[in-house]
Amino acid sequence: MDYNIEANMQFPLVTYNLLPNETVRIQSGAMVYHTGDTQLKGRLNANGGSGIGKLLRAAGRAMVSGESVFITEVSAGAKGGDLALAPAVPGTIQALEVTPGRNYYLNDSAFLAMDGTVQYSMERQSVGRAILGGQGGLFVMKTSGEGTLLVAAFGSIKEIDLQDAHDFTIDNAHVVAWETSLTYDIHLEGGGLIGSIGTGEGVVNTFNGTGKVLVQSLNLENFANMLKPFMPQPSSN
């Protein structure tokens with residue numbers, strides 16, 4: 001599919017030149033503009049089924065993972081058309097090629113768009129990972145199929161290619177996506193709660209094996225905490 005990440009902009013857009021009858025699935029609310037014979041349809045964000053059962057599955061996924069109940073399907077008609085997307089936060093957009101032999105896990109808010117036969121499902125995490133992670137709750141997004149996946153990050157993206165890595169540790173809030181060939185463990189830095197408080201690092205993700213990890217340069221939670229003193233506070237009356 002013909003797309004272009006407008007890298008010359010401070011905060012990039014993605015533009016698609018859709019050929020007749022081409023379809024791309026995007027994060028709900030990501031559309032900036034579209035032209036030509038192009039239609040947007042909201043679909044329930046659940047695989048298989050129909051009716052109330054599918055609605056309940058989509059709502060359940062949203063409750064346990066924080067993702068949207070809906071996903072937007074953009075389809076070009078007989079004349080084709082153009083489409084532009086932007087992520088919810090200022091930062092970077094990167095394309096990842098998904099194949100049967102290369103799939104990814106995604107953290108919350110990373111998904112922007114996918115084409116071809118790419119789709120994602122929710123894979124259950126261990127209770128320990130769910131409690132500590134704050135990223136996807138009981139479930140984490142896992143891709144399948146073949147095509148191009150676009151991910152978005154808060155700030156810049158650094159791609160780290162791990163080769164037979166042992167205990168490579170990244171702050172969990174900075175992890176955008178990682179290949180499923182890697183094993184991972186979410187835990188507190190510093191050996192426990194007290195040690196974590198002492199280091200100021202909190203929850204981290206330790207990877208082992210061979211594969212690619214994408215990290216973002218900014219931490220959305222830290223940024224939000226910095227803004228709190230400047231936000232209006234509710235009245236005590």
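Overview of results
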read-out	value
Ranked packing of 162-172, 147-157, 8-18, most packed first, by mean Cβ within 10 Å	147-157, 8-18, 162-172
Proximal lysines to Lys79, defined as alpha-carbon separation beneath 23 angstrom and excluding residues fewer than eight positions away on the same chain	Lys41
Virtual spin-label span in nm between Thr183 and Thr99, 7 Å along Cα→Cβ	2.6 nm
Rounded FRET efficiency, nearest 0.05, which uses the C-beta distance separating Asp37 from Leu13 and R0 of 25 Å	0.75
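Quick note: the coordinates plus some simple rules give every number you see, no bench work behind them. Computed from a predicted structure; not experimentally measured. Backbone-built Cβ (ideal geometry, glycine too); neighbour counts: all protein chains shown.
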